[in-house]
Amino acid sequence: MVDADKVSRQLKKLGVKFQFWCRPEINELPKILFEDEQLEHVLIGHYEGGFALICATDKRVLLVDKKPFYLTIEDVRYDMISDVQYNHRLLNSTVRLGTVHKTISFTGYNHVKMRSFTSYIQELVMVYRQQQNSPTQPIKPFNNLVNTPLENSLNSAINIPSRKVMNPYNMPVVIRRRVSRFY
């Protein structure tokens, strides 16, 4: 659990000044955030469950919805996001975060903040994908021997392939959703 003063300082640094709206969700943030986690973007709006708060931190995206008799928290890690969509209309804008299991659609009314939120998420998703797809250390054929100059020259001459870590979240995923005639 993070100190509430630390969270309020982070919110002030971001320029978040919600006087009445989302006060229960903001009060819930210290219980949700990790100790070393930093808030980067905070927006209010609505999703399929009603009015909510969405936060982008340096580690994950949080959707918090606190009502009198229930609490809903959606925790989406950046390596789980397969697709980010942004729609801009006259009065509102929508961000859709596609994961393997579900799609979260969040609508807000501040176009500028929603656009920067989307750009931030896209950048971090790309950073995580590049880290996962980067080649790791080459496989050593002589595990029990000490590196000798002869072994180093053999490894460089043979060009031993490197191992790639397979992650099911960075595979192309087709997400189906119902399309209305009026959408």
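Computed values, structure above
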read-out	value
Residues that are assigned to a strand (DSSP E or B), small (Gly, Ala, Ser) and either without any contact (Cβ under 8 Å) to a residue 60 or more places away in the chain or exposed (fewer than 14 other Cβ atoms within 10 Å of the Cβ) (or both), drawn from the range 103-121	SER105
Selection from the range 83-97 of residues that are assigned to a strand (DSSP E or B) and open to solvent by 80 Å² or more (accessible area, probe 1.4 Å)	HIS88
Condition check for VAL100: within 15 Å of ILE121 (Cα to Cα), of a type in the set (A, V, I, L, M, F, W, C) and either open to solvent by 40 Å² or more (accessible area, probe 1.4 Å) or modelled with pLDDT of 95 or more (or both)	no
Selection count where residues are over 13 Å from ILE32 (Cβ atoms), open to solvent by 50 Å² or more (accessible area, probe 1.4 Å) and touching a strand residue (DSSP E or B) at 6+ places or on another chain (Cβ under 6 Å), scope the range 59-82	1
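Residue-wise test of (1) modelled with pLDDT under 95; (2) of a type outside the set (A, V, I, L, M, F, W, C); (3) surrounded by fewer than 19 Cβ atoms within 10 Å (Cβ to Cβ).
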| position | (1), (2), (3) |
| --- | --- |
| VAL2 | yes, no, yes |
| ASP5 | yes, yes, yes |
| GLN10 | yes, yes, no |
| GLN19 | yes, yes, yes |
| ILE26 | yes, no, no |
| GLU35 | yes, yes, yes |
| GLN38 | yes, yes, yes |
| GLY49 | yes, yes, yes |
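The values are calculated or read from the model by the stated rules, or taken from the named source; none is laboratory data. Small disclaimer: the values here were computed from a predicted structure and weren't measured. Methodologically, a virtual Cβ is constructed for each residue, glycine included, from the backbone with ideal geometry; neighbour enumeration extends over all protein chains shown. Side chains included, ligands, DNA and RNA excluded: accessible areas come from the protein's heavy atoms. Shrake-Rupley method; radii C 1.70, N 1.55, O 1.52, S 1.80 Å.
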